[in-house]
Structure formats: structure tokens, C-alpha cells
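Step one of this worksheet: look at the structure below.
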């Protein structure tokens with residue numbers, strides 16, 4: 001019974017880490033079990049939140065750089081059209 005109290009939260013955390021690896025950045029865990037497992041779950045959730053926010057920022061920057069008439073590449077696109 002005690003072993004399950006320790007191993008179950010770790011098994012759930014391992015499953016969540018695999019989901020995160022697969023690109024499911026909205027994956028979170030319910031922190032529980034031992035104090036250490038609870039802290040690990042909370043740290044996992046904080047990491048997942050930061051990773052999701054970083055990915056959103058990267059998508060936003062990418063859109064800004066590649067969108068028509070916008071971003072850092074816009075002058076290069078305009079210059080290419082002027083050369084025709």
C-alpha cells in the first residue's frame with residue numbers, strides 16, 4: 001500500500017512528461033502523494049506553463065516575421081518586388 005502511494009504519483013508524472021514530449025504543451029498533473037512527489041508535480045506544472053508560454057511567444061514572433069507586409073522581413077519582400 002505504501003509503495004503505491006509513492007509510485008503512483010511518479011507513474012502519472014512520467015506519463016505526463018511523455019505527453020509533453022509529444023507536443024501536448026497543455027499537459028498538467030495533479031500534485032499528490034508524498035511531499036517530494038507533490039513538489040515534483042508542482043515543478044512539472046510550472047515548467048509546462050513556461051514551456052507553453054515560450055512556444056506561444058515563438059509562434060507570435062514567427063507570424064510577425066513572415067506575415068505579409070509585416071515584421072522584419074517586410075523590407076526584403078518589398079525590395080524583391082521592386083526588382084521585377
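Summary table below
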item	result
Extended-chain gain in nm, criterion 0.36 nm per residue less alpha-carbon gap, residue 49 and residue 25	7.9 nm
Residue order, fewest to most beta carbons within 10 Å, for 26, 64	26, 64
For a label point 7 Å along the Cα-to-beta-carbon line of residue 17, residues of region 34-68 with backbone N under 15 Å	37-48
Pairwise FRET efficiency - residue 64 versus residue 8, Cβ, R0 = 30 Å, nearest 0.05	0.10
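Only the coordinates and a few stated rules stand behind these numbers; no lab work does. The shown structure was predicted, so the numbers you read here are calculated from the model rather than taken from an experiment. Note: ideal-geometry Cβ built from the backbone for every residue, glycine included; neighbour counts use all protein chains shown.
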